[in-house]
Amino acid sequence: MKSLTELWYIASLELGAMCHVSTIRDYKTVTERFEHEGMSFLTISLPVFGKSLEKGLADGHIGHDAFPGFSRWRGLPRFLGGFLDLVFDRNTGVLLDEPSVDSIYALRQLTLMFGKIELPCSDARNTRAIAKFVECEQEVRRNDRTMSDGLLSEFTSMALRLFGDVLASADLAVYAGTLTPKHGSGKTADRLSGNRKFSQTEWTDRLERVFPYGENAIPNWRFNYLLSDVNFLEPGQERPVKVTLVPKTLKTPRVIAIEPTCMQFMQQAVSERIMQDLESPLSTIQIIGFTHQEPNQQMACEGSSSGRLATIDLSEASDRVSNQHVRALLKHFPHLSEAVDATRSRKADVPGFGVLRLAKFASMGSALCFPVEAMVFATVVLMGIQNALRHRLSKRDILSLEGRVRVYGDDIVIPTEFMQSVIDSLESFGLVVNLDKSFGTGKFRESCGKEYYHGTDVSIVRVRAVFPSSLKHAHEMMAVVSLRNRLYEAGLWKTAFWLDAGINRLCGGRYPYVSRRSSALGRVSFLGFDTERLHPDTQSPQVKAFVEHSLPPPSLATGEGALLKYFLKRGDEPFADREHNERAGRPKSATLRLRWAHSS
């Protein structure tokens, strides 16, 4: 297929035509700088340009330090100047009274589309990311020493008002022993995978005091002879989490921690109960979400239109939640507090630094990280609002904030008038606000993957993988077809049709029109889908196309392990995969196979 710079060129022509702007000189700049800087120009330099644009939209003018690395003519860069002239005044750099929203979308699409492509970072950037992880840990430790008892007491009081009923319910569930653990499909620090996890023989003494091995990791106490094979680890012998890197952007990778099997197993039990209760009527106020991002997105849209709501993003959010914060959160719930502490890994094996004791609660990788950090952030946010109002928030005050305060992970939406007070509150707890991605002024807002300007969706289509050169590159093929369909649905039809030509060649002409629900490798169209035959049994339309084929690796579940897997299954329906006891875990590879598939 063609290169990524050609994709940029085709998209620039289409967006330029939409805004009546010529992009010929802009493409010349892209090709010249790509030749000298390589992929980093598309994945790092252009996204920095896009972030400067967003800051200018929020501030209402272009700052003197904006658009680094791009030459200016008068107040604006020459690069993409035709679009910029429709948004800002070139002489003053001030935002126009009625800027072109189409040009704002075009600028964002052309500068940010390659920002999150999945490519490995350089060794130097990986090393810096690990060093930053260790530095963050040291900052958390320092903040723990300076945090006053009064501030923590205020935090506990607010958490009790917000989540008292939810935490009490989870506390009772721990006491009654009604939590049901489960295994995930990901990696573990002790390298157990698939069905082998159901025959785990490693447990910690801390877990045993709260979650006995016999009640959770074997199907029945009558199998207590299995306890003789279990390795119960004292605190000093516990297996540390394994810190590793996964792709995020070419600028910096994402740091995660792989948990031991037994820890992840019981974390899932506690996490599932907390998340269910937080999104149920049991919760006093519905300000936290885990399953639906739409409320945050709708509030961001409203904020961009009315200016009454602001969006806040946190840097290194997971790694800056201290275990001290969590202890204060759960102070009045002894059983839940003990359960959370028992399932928390206390040490991390950090590449280049060895095994370190952790002050943070948990990094990404812990099943409890997401719900616990959300409760911590929500509590601190409400403390900031309380400080701004200068009186203790009553239950009525808290309920009045529903629909105006929302927390989804580290994406936070709050009333604009409380923004500075909330930022101060977050920083007082050692959390770091990403000011480049937080918006409380102007008409631009972003939250949970959606961006808006003055009520108009200006969200972009991102390229997630490099282009494939053959059908053997299954992951890249699926990614480029997904890219094509997202471009089509976003209205960039010419760019989508340009991709169609390359994809069709790789597929040997087997590239039909299908619906969004189809598993076939095909193109989406608002005009319908192809039908080559009707299924002989269901009479549903089918086409012959390439379909992703992958198998979980061989992993046999027998005896007590298979019985435990059955007992831990959620719901009354049978397992969807009939071979679940023979194969389990994440597939190691995927291929594309030509076969009949539903097109609708």
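FYI, it's all coordinate maths here, none of it is from the lab. Because the structure is predicted, anything quoted here is derived from the model rather than measured. Note: ideal-geometry Cβ built from the backbone for every residue, glycine included; neighbour counts use all protein chains shown.
A few notes on this one:
- L172-R254 FRET efficiency (beta carbon distance; Förster radius 35 Å; 0.05 resolution): 0.45
- Neighbour net charge for V166 - beta-carbon separation under 10 angstrom, K R +1, D E -1: -3
- Normalised by the number of residues in the chain, the mean separation of alpha-carbon contacts (under 8 Å, six or more apart) gives a relative contact order of 17 percent.
- Contact order normalised by residue count of segment 362-459, Cα under 8 Å, 6+ apart, percent: 22
- Here each label is just a point 7 Å from Cα along the line to Cβ, and for N231 and R396 those points are 6.1 nm apart.
- Low-density loop positions, chymotrypsin sites (Phe, Trp or Tyr not before Pro), segment 107-158 - DSSP coil, at most 16 other Cβ in 10 Å: none
- Close amide H pairs (under 5 Å, H built 1.01 Å from N) link V514 with R523, V524, S525, D530, residues at least 5 positions away or on another chain.
- Rounded D (µm²/s) - the chain, Kirkwood Rh over Cα pairs, Stokes-Einstein at 4 °C, 1.567 mPa s: 48
- Lysine pairs with alpha-carbon atoms under 27 Å apart, segment 428-563, spacing 8 or more or separate chains: 5
- Fully extended contour minus Cα-Cα distance, from S153 to D572, at 0.36 nm per residue: 146.4 nm
- Extension reserve of the E215-E417 stretch, reckoned as 0.36 nm per residue once the Cα distance is removed: 67.6 nm
- Kirkwood Rh and Cα Rg combined as Rg/Rh, segment 161-200: 1.20
- Semi-axes of the equivalent ellipsoid for segment 124-453, computed as √(5λ) from the eigenvalues of its C-alpha gyration tensor and ordered from largest down, come to 34, 23, 18 Å.
- Bins of 5 Å from zero: percent of alpha-carbon pairs in segment 474-598: 2, 10, 15, 17, 14, 12, 12, 9, 6, 3, 1, 0
- Estimated translational D of segment 320-469 in µm²/s (Stokes, Kirkwood radius over Cα pairs; 25 °C; 0.890 mPa s): 137
- Extending 7 Å from the Cα toward the beta-carbon at both E532 and R90 defines two label points whose distance is 5.4 nm.
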